[in-house]
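Below is one structure, written out as C-alpha cells; comments come after it.
The values are calculated or read from the model by the stated rules, or taken from the named source; none is laboratory data. Since the structure is predicted, the reported quantities are computational estimates derived from the model, not experimental observations. Positions of Cβ are generated from backbone atoms using ideal geometry, with glycine treated the same way; all protein chains shown enter the neighbour counts. Surface areas here come from the heavy atoms of the whole protein model, side chains and all, with no ligands, DNA or RNA. Shrake-Rupley method; radii C 1.70, N 1.55, O 1.52, S 1.80 Å.
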Amino acid sequence: GPVPSSTRSEMSRPPLARAWPLLLVLALIWGSSFILMKHGLFDHGRAVLTPAQMASTRLFIAWLVLLPWAVKHRALIPRHWKALGASGLFGNGIPAYLFGLAQSRVGSALAGMINSLTPLFVLALGALFFRVRLRGVHVIGVGLGLAGAAGLILLGNRVDGAPPLFAGAAVMATICYGLSANVVKHHLPGLPAEGISALALSFVGLPALVLVLLTDVPGALV
C-alpha cells in the first residue's frame, strides 16, 4: 500500500536531523546520572549507600535491563571476549566505582565537568597505545585538556572542600572511558552497538550482583 506522508517524511529526513535530538536526550540522561548518583549516596545529607553499594547496584540494574540484548548477541562472545571484557571493565565497571568514590565528596556539577575530559583521553590514549596519529591541533587540545584536568582538581579542593584524591578519582574514571572507547573502535568495529554494550556489561553485571548481596544493599534501602 501507499506509504503515509508522515512516514515518507521520516524516511527522507537527513540523519543529522535525527542525530541532534538523540544527542540532546543522551546528554540529559548522562548528565543527570551525576545528580542521581549523589541522591543514591545521600538523602538530605544522610548517608544511604556506600560508594561501592551504589556502584554495584547501578551496574547490576544496567546489566539486567540489557540482558535480552546480551542473550541475542551471545554468539559474539567466543571471538571477541577479550575486547568485550576490557570494554566492560574500563567502560563500565571501574568508572562506576571511581565516580561513586568521587561523588562521596565532590559535587555533581564538578563531577559532570570532569566527565567532559573523556574525549581528551580518547585522543591521548589512542595516540599512546593504538597508533592514532595526532595533528598539531590535537596536541594543543590534549595539552589544554590536561591543564583543565589539573584546574578542575584544584577547583574541587577550593569549592567543595574535597581532597584532590576524590576529584582525581573522577579523572581516573574518564581515563578508563578513553581506554574503553579506543578498545571498541579498534577491536570491535562493525559490531552492533547494543550487542557491545550488553555483552560488555555482562562481564561486570554478575560480579556486581555478588557485591550487592554481600554488602546487603536491600537491607540498606529498607
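Stretch W81-R131 to full length: gain in nm at 0.36 nm per residue minus the Cα-Cα span? Working shown, then result.
On the way: separation 50, 0.36 × 50 = 18.00 nm, distance 2.23 nm.
Extending this stretch completely gives an extra 15.8 nm.
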Tabulate in residue order the Karplus-calculated ³J(HN,Hα) for region 188-195, using 6.51 cos²θ - 1.76 cosθ + 1.60 with θ = phi - 60°, rounded to whole Hz; enter x for Gly and Pro.
10, x, x, 7, x, 4, 5, x
Accessible area (Å², per residue) of the chain, counting only protein heavy atoms and a probe of 1.4 Å
58
Computed from the mean reciprocal separation of all distinct C-alpha pairs, what Kirkwood hydrodynamic radius does region 107-202 have, in Å?
14.5
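How large a share of the accessible area of the chain, in percent, is made up of carbon and sulfur atoms when the probe is 1.4 Å and the other protein chains stay in place? The partial results should precede the final answer.
Working: 9300 of 12960 Å².
Ligands and nucleic acids excluded, carbon and sulfur give 72 percent.
What ranking of M113, M54 comes out by heavy-atom accessible area, probe 1.4 Å, highest first?
Values: M113 90, M54 10 Å².
Result, largest first: M113, M54.
Sum -39500 (n - 2.57) across every DSSP H segment of at least 4 residues in the chain, then divide by the residue count to get the 222 nm mean residue ellipticity, nearest 500. Each step should come with its number before you reach the end.
Details: 11 runs with 174 residues, N = 222.
Estimated from H runs of four or more residues: -26000 deg cm²/dmol.
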How high is the FRET efficiency from H39 to K72, r the C-beta distance, R0 22 Å, rounded to 0.05?
0.10
Out of V184, V48, V65, a Gaussian network model of the chain with alpha-carbon springs under 10 Å gives the largest mean-square fluctuation to V65
